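The values are calculated or read from the model by the stated rules, or taken from the named source; none is laboratory data. The structure presented is a predicted model; accordingly, all values stated were derived computationally and were not measured. Note that we place each Cβ from the backbone using ideal geometry, even for glycine, and neighbour counts take in every protein chain shown. Calculation scope for accessible area: heavy atoms of the full protein, side chains included, ligands and nucleic acids excluded. Shrake-Rupley method; radii C 1.70, N 1.55, O 1.52, S 1.80 Å.
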Amino acid sequence: VALRPIVFFRREDGAVVALEDRCPHRFAPPSLGRLVGDHVQCGYHGLEFDVEGRCAKNPHGPCLDRMQVRAFPTVERYDLIWVWPGDPAGADPDRIPDLSHLYCDGRRTRFQHLEADYRYDILVDNLMDLSHTGYLHRESAGGPAQERATTIRDEGDVVVVEDVNLRQPPPSAFGPDGPLTDIRVITRWHPGNVIPFDAESVPSGEPLGAGHHLRFTHICTPSTASGTHYFFSLTRDADDDEAGDGASDEYQRGVVVDEDSPMLSAINRVMAGRELMDMQPVLLPTDRAGLRVRRAIDRLIAAEQRAGVDDERVRI
Amino acid sequence: VALRPIVFFRREDGAVVALEDRCPHRFAPPSLGRLVGDHVQCGYHGLEFDVEGRCAKNPHGPCLDRMQVRAFPTVERYDLIWVWPGDPAGADPDRIPDLSHLYCDGRRTRFQHLEADYRYDILVDNLMDLSHTGYLHRESAGGPAQERATTIRDEGDVVVVEDVNLRQPPPSAFGPDGPLTDIRVITRWHPGNVIPFDAESVPSGEPLGAGHHLRFTHICTPSTASGTHYFFSLTRDADDDEAGDGASDEYQRGVVVDEDSPMLSAINRVMAGRELMDMQPVLLPTDRAGLRVRRAIDRLIAAEQRAGVDDERVRI
Amino acid sequence: VALRPIVFFRREDGAVVALEDRCPHRFAPPSLGRLVGDHVQCGYHGLEFDVEGRCAKNPHGPCLDRMQVRAFPTVERYDLIWVWPGDPAGADPDRIPDLSHLYCDGRRTRFQHLEADYRYDILVDNLMDLSHTGYLHRESAGGPAQERATTIRDEGDVVVVEDVNLRQPPPSAFGPDGPLTDIRVITRWHPGNVIPFDAESVPSGEPLGAGHHLRFTHICTPSTASGTHYFFSLTRDADDDEAGDGASDEYQRGVVVDEDSPMLSAINRVMAGRELMDMQPVLLPTDRAGLRVRRAIDRLIAAEQRAGVDDERVRI
């Protein structure tokens, strides 16, 4: 797996630039250099690159075509920087998933981040199969529902899962006779491993559709061959409830850091870089959505390869 | 080298169960789960395995034959758990070495443990050749004996070494004119790398056979491709001498941790996972017992392979 | 890359001995043993080796020819130990570079040392191309000169670079209008990666040849496949200026540790053990001296190989 570090900087007009962080001369990372206007100057021998990655100044001779670094199209949206690592001609801001729920009126979003020591697909599998909630998250979210139904559908490149959990026991702190809940979670996997959840809950037996919503957003960006930049956030319907931010952060951090991560790290160690299907897992019906995502990724990679984009760009 | 982590747990009746610590579904370690009666429940998606490793409950569908983990026969004896990693049909508690000296009347045993960063065979070679004592342990045990004689014999699968050291100088703290000692050590290597020493010492010139005994017991269980669970103990003829425990612990820990381990760690780094004979060592007569052990291990592995047991099981 | 650790010790007459630090019996490092007169005794089983690496005592049997370790010719000069790892017959103290400037009357040298986490050739390239000074060392040494001229020549196996920098701005602490300087640096690469600089500076416009000299000496000895023992020193014309030692040390340490090392470590991570030319760098005119050094090293290795010296000896 070839890693392609990226250096980010802002132009003087504020726009974000993303360049390959590897000078073609001696392979120094320009991120160790400095900005000279809208150029990034390599800190080793002073070559400067413009926002297109072209050598704009070579203090030691002429600028040649070969003296360039890759430039990646970027868009800044939802306070996130979206980078297109494929064929630049194919960059299309309209393909950025709709995450407008992050900033709606009447809502409040808290962002968090984890440098996870497990591969992105182990995390995506976790997010695409919520049947683990009743076991791995039994302390925070409650035990397994008495009745579960899952439907899966594709919407173009998006994989949509609708999970209905009926009569789910409350977290253990409520005791054995706590109130049961009905929960519906709609999960959407978007290419780029952007995975928002829309979770609605009602007291068991009341109609779904008029319940309380929590919106969890997960972005799983590969960082190394075995690690992931894991961005996660929780949006609640309470835009002026600053006092609740601490509890919100603590809750989501507990689920992600204390409950999911030790398990996913352990699995990452066992898998040791091997591909899931090569290890001949015993598959369950609950694996369907994760497998559909794997097929979607394979399909997108194959399409890029047919278009002549080399594999290295896509897999990071 | 394939590592096979094992999860241990006790049944409600107290018996110890040893299962492969790798769920066949998504490869989570059941050791991160919890016990439900005599079942271990995987903490990720709730699959339960019984004491035979069979899937006893699948919350997401039927239990299938493929949903199983390996179960290893175990016996608890001498406060140790003995695991049989080979063909379960061949598990025979009578093959557990006699370590009854650990708990005899009139004796007192102190147990210790080290997670050693050297491969088990480097440790076994050390234990099977006590000619190193006069050099590596000169501070704690005294310099080289003036006369040494070693006899080696096989007793079935057991390799027995009898070392007689005549006129061994005392530890250096006694000064250059300290009293000389005659020492006889009987070493027994048992399959599984269980290696008790029976060491008898007398003032030099007095008859061996009526001297003071110290019994050292060493168990060298591979932990990783380059590490060892090193269990060691010292049994002395003083069952009510609680006051002497500290000195006993300190003495054996000094020999193992301060003297042997830095040397064996350094050798492990130099060997870097290579096999001893591939490195073409210059062999000495004192290497005979260690080489005999290597042949015994090869013979046992070959016998298992002929019987159709795959190699992975035996080498850990 | 095969690492050949070396144990150094002094004979009773004070001469330095360098032996391969790997006992041929069980591969213990004799450096963990002790000296017995002019012999080094392996600390594991007591084999003793003389200053020629021959087994001089085997407590467990006869000394055989095979029981030897490699001995490396050494010379102690300039307070440094010079080791010849090639064919011993070719060891020639006259090939040790002249570093007499380190101890001249009227001069004062301060030695420092860094265990660098980058490969020796990444460091040598840095030292052979001072065009990086105006960028990587702009804080400590000043920005890029307004005019630069470099001449390169071979003197036998020595690569000599003469850099003239005219109108170099001062370090940034002087402010934007600080005085300009003319600087001439003569760099000599000697086999063994011994690289002294003679740097002369004058106020810009005054004649070079009568200026102030600083002599920097760099020795880049590979330590591991990706690390370097980096010895560096600064000699100034002030033999009684003890009070200036602290500032001298701090200055050179700042240049080496704070400025060069983070960049070279980053490059080492990007290169990940690959050879420079295999990565198809875009070369600049300023790379000429470094490339000439690479050719000189290749030439010396080829000559040794033709002479039947195995490659392992030369590359460390």
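Only Lys, Arg, Asp and Glu count, each charged at its Cβ (+1, +1, -1, -1), so figure out the dipole size of the protein assembly as shown about its Cα centre, rounded to 20 debye.
That gives a dipole near 2100 debye.
In terms of modelled amide H atoms, which long-range or inter-chain residues lie less than 5 Å from the amide H of C:S223?
Under 5 Å from the amide H of C:S223: C:T228, C:H229.
What angle, in degrees between 0 and 90 and rounded to the nearest 10, separates the Cα long axis of helix C:288-306 from the longest principal axis of the Cα atoms of chain C?
Tilt of helix C:288-306: around 20 degrees.
When the C-alpha atoms of segment A:56-182 are aligned to their principal axes, what extent does each axis show, in angstrom, from largest down?
Rounded to whole Å, the extents work out to 78, 33, 31 Å.
Considering only the other residues whose Cβ falls under 13 Å of the Cβ of A:D278, what net charge follows from Lys and Arg at +1 and Asp and Glu at -1?
Net local charge, A:D278 excluded: 0.
Under a GNM of chain A (C-alpha, springs under 10 Å), which listed residue has the highest mean-square fluctuation: A:L80, A:L208, A:L180?
Of the options given, A:L80 has the highest mean-square fluctuation.
Can you give me the three principal axis dimensions of segment B:124-198 from its C-alpha atoms, in Å, biggest first?
44, 19, 15
Just want to confirm a number: the relative contact order over segment C:68-118, from Cα pairs under 8 angstrom separated by 6+ residues, in percent.
Taking the mean separation of contacting Cα pairs over the length of segment C:68-118, I get 23 percent.
Please work out the Cα center distance from segment B:255-272 to segment C:34-84, rounded to the nearest Å.
21 Å
Over segment A:44-197, what relative contact order in percent results from Cα pairs under 8 Å that are six or more residues apart?
12 percent
Work out how much length C:L208 to C:V83 would gain on full extension: take 0.36 nm times their residue separation and subtract the Cα-Cα distance, in nm to one decimal.
Fully extending the segment from C:L208 to C:V83 adds 41.3 nm.
Can you put B:T217, B:T151 in order of accessible area, largest first, using a 1.4 Å probe?
Solvent-accessible surface, decreasing: B:T151, B:T217.
Given bins 5 angstrom wide, list per bin the percent of all Cα-Cα distances in segment A:1-91, short to long.
The percentages, shortest bin first, are 3, 15, 25, 25, 18, 10, 4, 1, 0.
Leaving ligands, DNA and RNA out of it, work out the accessible area of A:Y251 with a 1.4 Å probe and give it in Å² to the nearest 10.
Accessible area of A:Y251: about 90 Å².
Tally Lys/Arg at +1 and Asp/Glu at -1 over every other residue whose Cβ is under 10 Å from the Cβ of B:P30; what's the total?
-1
Could you sort A:E259, A:E52 by their accessible area in this structure, using a 1.4 Å probe and putting the largest first?
Largest accessible area first, the list is A:E52, A:E259.
Keeping all protein chains in the complex and leaving out DNA, RNA and ligands, what accessible area do you get for A:K57 with a 1.4 Å probe, in Å² to the nearest 10?
It works out to around 100 Å².
What's the carbon and sulfur percent of segment B:1-149's accessible surface, probe 1.4 angstrom, rounded to a whole number?
Reported share for carbon and sulfur atoms: 48 percent.
Across segment A:271-278, in residue order, what do the Karplus-derived ³J(HN,Hα) couplings come to in whole Hz, using 6.51 cos²θ - 1.76 cosθ + 1.60 with θ = phi - 60° and x for Gly and Pro?
Rounded to whole hertz, the list is 6, 6, x, 6, 7, 3, 5, 5.
Helix-only estimate, please: 222 nm mean residue ellipticity of chain B, summing -39500 (n - 2.57) across DSSP H runs of length 4 or more and dividing by its residues, to the nearest 500.
-5500 deg cm²/dmol
Can you give me the relative contact order of chain B as a percent, contacts being Cα pairs under 8 Å and 6 or more apart?
Dividing the mean separation by the residue count of chain B yields 15 percent.
Rounded if a/c is under 1.5, else prolate if a/b beats b/c, else oblate: with a ≥ b ≥ c from the C-alpha gyration tensor eigenvalues square-rooted, which is the protein assembly as shown? Don't skip to the end; give the middle numbers.
Working: a/c = 2.29, a/b = 1.00, b/c = 2.29.
Cα axes put the protein assembly as shown in the oblate bin.
From the protein chains alone at 1.4 Å, what is the descending order of accessible area for B:H218, B:H39, largest first?
Details: B:H218 10, B:H39 55 Å².
The ranking, largest first, comes out as B:H39, B:H218.
Taking beta carbons within 10 Å but only from partner chains, what does the mean come to for residues B:9-15?
What the average comes to for B:9-15 is 0.
Please label the shape of segment B:73-146 as rounded, prolate or oblate, based on the square roots a ≥ b ≥ c of the eigenvalues of the alpha-carbon gyration tensor (a/c under 1.5 means rounded; beyond that, a/b larger than b/c means prolate, else oblate).
prolate
Within a 10 angstrom radius of each residue's Cβ in C:50-59, how many Cβ atoms of other chains show up on average? Whole number is fine.
1
So which residue, out of C:A289, C:A238, C:A89, gets the largest mean-square fluctuation from a GNM of chain C using Cα contacts under 10 Å as springs?
Of C:A289, C:A238, C:A89, the most mobile in the Gaussian network model is C:A89.
With springs connecting C-alpha atoms under 10 Å apart, model chain A as a Gaussian network and identify which of A:E162, A:E242, A:E76 has the largest mean-square fluctuation.
A:E242
Roughly how much of B:F27 is accessible, in Å² to the nearest 10, using a 1.4 Å probe?
Here the residue's solvent-accessible area equals roughly 0 Å².
If Rh is defined by the Kirkwood formula over all Cα pairs and Rg also comes from Cα, what ratio Rg/Rh do you get for chain C?
1.02
Check which residues have an amide H placed less than 5 Å from B:R70's amide H, if you skip close sequence neighbours.
So B:R70 has HN proximity to B:E20.
I need the P(r) histogram for segment B:194-307: all alpha carbon pairs, bin width 10 Å from 0 out to the longest distance, whole percents.
10, 29, 35, 19, 7, 0
Lys and Arg at +1, Asp and Glu at -1: add these up for the other residues within a Cβ distance under 14 Å of B:M263 and post the number.
Once all neighbours under 14 Å are counted, the net charge is -2.
Find the sum over both chains of the accessible area lost when C and B are paired, probe 1.4 Å, and report it in Å² to the nearest 100.
Between C and B, the summed buried area is about 2100 Å².
Place a point 7 Å from Cα of B:C104 in the direction of its Cβ. Which residues in segment B:191-212 have their backbone N less than 15 Å from it?
Answer for segment B:191-212: B:196-201, B:209-212.
Within 10 Å of each Cβ in peptide A:259-270, how many partner chain Cβ atoms are there on average? Round it to a whole number, please. Display every interim value, and only then the final one.
Numbers: counts 1, 1, 0, 2, 8, 3, 0, 10, 8, 1, 4, 9.
Rounded to a whole number, the mean comes out at 4.
Per residue, how large is the accessible surface of the protein assembly as shown? Use a 1.4 angstrom probe and give square angstrom.
Numbers: 44670 Å² over 948 residues.
Value for the protein assembly as shown: 47 Å² per residue.
Quick one: grab the alpha carbon gyration tensor of segment A:100-257, order the square roots of its eigenvalues as a ≥ b ≥ c, and give me rounded if a/c is under 1.5, else prolate or oblate depending on whether a/b is larger than b/c.
rounded
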